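Structure record follows, encoded as structure tokens.
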């Protein structure tokens, strides 16, 4: 961050040329120099900059001024205290007056000159340059230049400046020594941006984290990724495109949105980080406790992430800055064996032979008749069935199965359906600054190709910010954002996974082969007039599907903000702000007639009159068109008073305001269009209407000859939803002598989502806090190795709202009439919660901040306890109400933990620095109150891939449950054994798989652990070596579990765990059915997915990224007109280490997409 940012933050008012002539009066006798400067600031509005290391708090002078000029007063003060002052731009710089001791015998003096700049190349005035071990020193001038006399060789020059890391350089005869000072990450005057106000770190009592500027400047497609590994107490999960979502300090709600609130330039936004240009971000602040986040009231229980974007305020008067940043990111194709998770072709054929005709409903036999045509049998099973029906000989069957066992389509899938993921991003920024106007414009374009062909997106983000000082007492600001994203999703992993590994897509000549999906073609070929149907070809091929599918999503997001700031007198501001956001999304999905879905459906809705062999199509040939769109509009209006003044040793800061917010969501779904031609924009018509079950005159018939209706979106569907909020808030802080701070905040929110009972609707959220700057105490004066030591303590309440229920019973109408009665019908979507109220989270936070050894070691420690109450949960109610459970504000939950951060910045040699940051956090979550009379099997042991759907009192809210496999037990007789798998209950009872157990699932469900890591670690470190910067980020998660991928019992195509099951001990892992006549094999799905032997440690460590940056030396840029050139590279997803022996990634389980290492190369040029 440029040093001018620090100056503006410290000096928010301008110093006129005549200010030195202003009159000041102080008649106090003896007082500290610091207090004198504070009083001068109060009387004149002039800001003074000095290093606390140079001007001790105990340094005093005699003052007795009555209507003297500020210039004369400064001369007197500086003479008494051996100081000197200099007017630098908009402030007065105070430094120590250099003292040169004359020596009787002088060595030859040598002069050294140079310039001191910051990391961005800006010159630094007022930098102290001292010969180490002497009192000989100078300060840099307005242009950052210095000149100093040195006696003898091997002298060491010490360069120091407030907010910067001091640097020591050895003189070895150089005539010119230019120095670049780095920001001091520990003692720099950081500010906390809450969205409503900006306060200094020293006066902030809450728990917060600032993401460093170095991390923000790293290449990324989503600014949220810069939080990973860099902020303690924050845990991330990722979607298929690598976009992160976060959980801060544990789960704060059971059913409500658990994502943190995102604030951009002072306003909460709809959506996520995708609407933020990562190149346009100036700072990111994470607010974690009640004091930091409670100002956001009912939306802050999950924490708040505050993003501030760049403006032209950092520029010098009349300066124009242009920045171009461009990078490419690519990776290899995914590991298909991990992604598809399939058994080998040989194993699949072996399983098909083994299981054919066995295990009841899983036998997959087809009978030889006309109506038996719908089936998902694989080619191997089709061959076995045809052999069973007598249509294939033994030799023909063996030949087919042998051929299938020797084929594998993985290479064809990789070549024709997969691509190397590739991203390219280009960003242009233009900023300008003048005395009263500042502007900033950024334009970003990004293209993103997925690992699947036909799946890609492109987006454009345009941001503009303007601020203007209209009068001395009136400022105006405006910003606008426009975002456009277009996505194509013409392929899916499900399409690839739906075929057997031996089903080839192409023959040896490259011609496409038919793959049959959902049809038993031998019977269709034998008994149906295939050639007479609208489409005789009912084959399926993933390549053809991709080429004939056009699924396009378009998103347009806009955001406009405007503000007027009135400044009637010093310290008081009145802000009137408004934000309008809109988010429009539209989907246009075209299914071409080349797709299996279109051809099979048109054939299905073709009536076949078996008497005269006449066929009557009910859907026209051609493409299908499905369209839907949504519109979200959000308006926020805020009026706020800000007061910030310092009177001697007393500093006051307060804000008070009101806010109104309205959010309207509209959805539109159009009926399916048949026979659509996208080039001619023409559509077909349904020749016989939609059909009817109740009116014979309107009836249509399918290919079986049964009455049917064309059900797909018969009518237009509309949705409308309105959320309204009204809020009033207050926040204040008082600081005495820059050491002791007390803070407090209060806010009340009301919403149409909450019951209209005022005792519930207007629920207050509040916080109190205190801070103590221990290092500024007199008793710490001699503890020179402590730069900063501060204690913090806060307590307060934040809130949340659950949108999944309502305070009144709700009936949702279906969009069309009932299929059989032709009458309107509806469902009860909510039975109502008459006392629906805000969820509340009370947080106690104790923290300590420290900086030691002049910034060489710094960090913080936080201990917190979050107690959430009135959480919405599904609880048992008497059946007389018509249901046995209902969502009510009836649950309580706690989160408690500790966060530790340690950072360092160590100079190793000349222009060689080491820097690092380590953070570790622990969170313990527990549901402390939740009444459930009984849990059903699927509540805790779901049969699908999802995790637990219910919560249990006394357990972690992220707990998964499992059943203990008890081995095989003989459920028959010794003469006729019937070996069946069983699970064991907690009292020793055995439960079989044939039916649903009648008992409460808690009798046989065992807690397996939490799926969310209690321990989270982040480590970032690097070296700056001359103009090179190499760094890396490592993350770790510990103490949680995941459910590894099991063998997929009773599936048509076995997965890669097939051999494991075949060779396993039947007493430790459930085998395949032992009886050929097992009739309830299909019921096993209810049990095997949650066996406890599938639970594994999810502990893992990741090398998240490695960065290498090279800054082109300024000497090469002098004649080019360029300010800086930065060339950078980055590797993401470098490697991972897992605790489980199966080498399965707990965050990307076997069978899902696991990101490969990504390589980024880019360049940033500033003009």
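Listed values, structure above:
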| read-out | value |
| --- | --- |
| Global form of the range 620-664, assessed from the alpha-carbon gyration tensor, a/c cut-off 1.5 | prolate |
| Enclosed volume per residue, in Å³, of the convex hull spanned by Cα atoms of the range 839-992 | 231 Å³ |
| Cα gyration tensor shape for the range 454-604, rounded if a/c is under 1.5, else prolate or oblate | prolate |
| Rounded to 10°, Cα long-axis angle of helix 70-81 versus longest principal axis of the chain | 80 degrees |
| Burial ranking of peptide ranges 1112-1125, 371-384, 393-406 (average Cβ count within 10 Å, highest at the top) | 371-384, 393-406, 1112-1125 |
| Stretchable slack from residue 84 to residue 1133, in nm (0.36 nm times residue separation minus alpha-carbon distance) | 372.3 nm |
| Cα-based helix-to-principal-axis angle, 394-406 vs the chain, degrees rounded to 10 | 0 degrees |
| Label zone at residue 578 (point 7 Å along Cα-to-Cβ), backbone N below 20 Å, the range 690-734 | 723-728 |
| Pairs of alpha carbons in the range 1112-1167 whose separation is greater than 20 Å (percent) | 53 percent |
| Order of 749, 1076, 272 - criterion: other Cβ atoms within 10 Å of each residue's Cβ, fewest first | 1076, 272, 749 |
| Relative contact order (%) - the chain, alpha-carbon pairs under 8 angstrom, separation at least six | 9 percent |
| Fraction of antiparallel bridges per DSSP, the range 109-180 only, in percent to nearest 5 | 85 percent |
| For the range 109-180, convex hull volume per residue from C-alpha positions, Å³ | 79 Å³ |
| Between 0 and 90°, nearest 10: helix 345-355 axis offset from the chain longest Cα axis | 50 degrees |
| Relative exposure of 416, 364, 650, judged by other C-beta atoms within 10 Å (fewest first) | 650, 416, 364 |
| Packing-based order for 490-497, 766-773, 679-686, 1045-1052, using average beta carbon neighbours within 10 Å, highest first | 766-773, 1045-1052, 490-497, 679-686 |
| Relative packing of 933-941, 244-252, 64-72, 429-437, which averages over residues the other C-beta atoms within 10 Å, highest first | 244-252, 933-941, 429-437, 64-72 |
| Efficiency of FRET between residue 374 and residue 399 - r from beta-carbon atoms, R0 22 angstrom, step 0.05 | 0.20 |
| Whole-angstrom gap from the range 990-1034 to the range 1092-1125, using each part's C-alpha centre | 26 Å |
| 262, 305 arranged by Cβ crowding within 10 Å, fewest neighbours leading | 262, 305 |
| Cα-based Rg of the range 304-456 normalised by 2.2 N^0.38 Å, two decimals | 2.02 |
| Shape category assigned to the range 620-749 from the gyration tensor of Cα positions, a/c cut at 1.5 | prolate |
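Coordinate-derived values only; no laboratory data. None of the values given here were measured: they were computed from a predicted structure. Glycine also receives a Cβ, built like all others from the backbone with ideal geometry; neighbour counts cover every protein chain displayed.
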